[in-house]
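The structure under discussion appears below in the form of structure tokens.
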Amino acid sequence: MNTTLKTWKEAATLIIAAGHKLGADSLSSRTPLTAAPRSPLGSSHGRSHLPPKSSFDYDVLLLKRSSKSGFMPNAYVFPGGMVDSSDFSSEWLDIFRAFSTCPSFGLRGVKQPVETRPPIFATDRVKLGSPIPGEVAFRICALRETFEESGVLLVVSKQEKRSLLKSIEDRRVTDRVLSKVNELCSSELIKWRTLVNQNPSNFIRMCRELEVLPNIWALHEWGNWLTPAGRPGVTRFDTAFFICCLQEMPYTLQDEKEIVRFQWSTPSEVLQRYLAQELWIAPPQFYELSRMCHFPLLNDLHDFSHQRATEGCEQMLPVVIQYDPYISVLPGDKDYPLDTSGEAKQDTSTTPQKDPQDSGLHRFLVLDPYTIIAQITITPKYNHLLPIVEQVPSHDLNSQL
């Protein structure tokens, strides 16, 4: 863990997609969907063209944060949380001893040059005193926090470990198959979950005593979001986003502390309920769920996330350039400040440029907490997806200014 950070804390989150049976009116095609014309997602003057709920053969896990939470109270979020020093503990070397000769314990390498990697992934953890690579530690964090908050435990058993190691040594693809749900009795899960909630280092103890490994190989790198600069005293988080696809829905239980409710829903259903003001999700969740709407079928989502994960990702640091109405720009937008330190500040002195060609746009116009108009004309980096949203023309956006 990086104790030198002054303005934000490091964290990890996990997007879990779990399979269910398709409805009678399901899609027959496995072709990714694209946005329909003139249908701004969240716009007050258009209708969403999200794929119907019945098109999906999987649900995504979302957790509702407590109203007393100091960060995003009442928001529905993916499971995850702040990194703990135990996630970087040298004790993991013994837990993963069978994989010690494999780089990053057998995780696949990323093609993205280290110079362009987000700092959360590029930081040399050895120089910070930890022998555990960041790619491993942040996956451990995501798995531990997911277990703490939802009771979902993703581990590799002693029997599975042997075949997994052989596959890695033989350089065979091991994670193209959807992961299975672990079969531990509920009383055992509850016991260890209580202990891990009391002390994160008990996650190491649990793995040792149960002779299991955190299933870091089932997690694919998906993205990175850094909380924008805001009100003084508000905690900011630099969060690694991972995705995992499961064959079936796992045992789930909220912790009744930070998390007051859990919900399994399709990405489309969550977005539709958000637009109907039935629940609230933060911009990162809005963005990532909109990306997932390209793939109503779980196998397609899994294949894409597996293939794309080795490309790398871009740090998403929203920057507010106007407050009335609220306009937030993301990397690649023509008005995005030239800053590579991750310290980009809110810059409300800049008047958004009018561009009749609608070029170089990667931004959100937020009319109210439940109404977002997106303008996205850039090409995403690292073979990633853009959200399924309407690219609203500049003259439409300017009419809102």
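The values are calculated or read from the model by the stated rules, or taken from the named source; none is laboratory data. Quick caveat, the model's predicted, so the values are computed rather than measured. A quick note on method: Cβ atoms are made from the backbone with ideal geometry, for glycine too, and the neighbour counts reach across all protein chains shown. With ligands, DNA and RNA removed, areas are computed over all heavy atoms of the protein, side chains included. Shrake-Rupley method; radii C 1.70, N 1.55, O 1.52, S 1.80 Å.
Would you tally the residues in the range 262-283 being more than 19 Å from the chain's Cα centre (by Cα) and over 26 Å from PRO331 (Cβ atoms)?
5
Confirm whether VAL126 is open to solvent by 70 Å² or more (accessible area, probe 1.4 Å) and not small (Gly, Ala, Ser).
yes
Determine whether GLY230 is surrounded by fewer than 16 Cβ atoms within 10 Å (Cβ to Cβ) and small (Gly, Ala, Ser).
Criteria met by GLY230.
Can you name the number of the only condition in (1) surrounded by fewer than 22 Cβ atoms within 10 Å (Cβ to Cβ); (2) under 24 Å from LYS64 (Cβ atoms) that VAL320 fails?
Tallying (1) surrounded by fewer than 22 Cβ atoms within 10 Å (Cβ to Cβ); (2) under 24 Å from LYS64 (Cβ atoms), VAL320 fails exactly one: (2).
Restricting attention to the range 146-156, does a residue exist that is over 20 Å from ILE15 (Cα atoms) and either at pLDDT below 90 or surrounded by fewer than 21 Cβ atoms within 10 Å (Cβ to Cβ) (or both)?
No, because not a single residue in the range 146-156 is over 20 Å from ILE15 (Cα atoms) and either at pLDDT below 90 or surrounded by fewer than 21 Cβ atoms within 10 Å (Cβ to Cβ) (or both).
Do you know which of the residues in the range 165-184 that are hydrophobic (A, V, I, L, M, F, W, C) and open to solvent by 70 Å² or more (accessible area, probe 1.4 Å) is modelled with the lowest pLDDT?
VAL173
If I ask for residues that are touching a strand residue (DSSP E or B) at 6+ places or on another chain (Cβ under 6 Å) and over 28 Å from ASN2 (Cα atoms), which ones from the range 208-253 would you list?
Selection gives CYS245, LEU246, GLN247, GLU248, MET249, THR252.
With the structure loaded, tell me whether ASP396 is at pLDDT 65 or above, of a type in the set (D, E, K, R) and over 20 Å from the mean Cα position of the chain (by Cα) or whether it fails that test.
Spelling it out, it is not the case that ASP396 is at pLDDT 65 or above, of a type in the set (D, E, K, R) and over 20 Å from the mean Cα position of the chain (by Cα).
Quick grid of which residues meet (1) hydroxyl-bearing (Ser, Thr, Tyr); (2) open to solvent by 40 Å² or more (accessible area, probe 1.4 Å); (3) over 26 Å from MET249 (Cβ atoms); (4) modelled with pLDDT of 90 or more:
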{"site": "ARG38", "(1), (2), (3), (4)": "no, yes, yes, no"}
{"site": "ASP57", "(1), (2), (3), (4)": "no, no, no, yes"}
{"site": "SER69", "(1), (2), (3), (4)": "yes, no, no, no"}
{"site": "GLY81", "(1), (2), (3), (4)": "no, no, no, yes"}
{"site": "ARG117", "(1), (2), (3), (4)": "no, no, yes, yes"}
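Tell me, which residue of the range 284-324 that is among the charged types (D, E, K, R) and in a helix (DSSP H, G or I) is nearest to the chain's Cα centre (by Cα)?
For the range 284-324, the residue satisfying everything is GLU288.
Test SER187 against the criterion of being open to solvent by 70 Å² or more (accessible area, probe 1.4 Å), among the small types (Gly, Ala, Ser) and either at pLDDT below 80 or more than 15 Å from GLY80 (Cα to Cα) (or both), and give yes or no.
Yes; evaluated as a whole, the condition is true for this residue.
Would you check if GLU211 is open to solvent by 60 Å² or more (accessible area, probe 1.4 Å) and either more than 13 Å from GLY151 (Cβ to Cβ) or in contact (Cβ under 8 Å) with a residue 12 or more places away in the chain (or both)?
When the stated conditions are applied, GLU211 passes them.
Give the residue, chosen from ASN224, ASN202, that is crowded, with 17+ Cβ neighbours inside 10 Å, without any contact (Cβ under 8 Å) to a residue 12 or more places away in the chain and not hydrophobic (A, V, I, L, M, F, W, C).
Values: ASN224 fails: without any contact (Cβ under 8 Å) to a residue 12 or more places away in the chain.
None of the other options fit; the residue is ASN202.
Of the numbered conditions (1) at pLDDT 95 or above; (2) more than 20 Å from LEU226 (Cβ to Cβ), GLU311 satisfies every one except a single condition; which is it?
(2)
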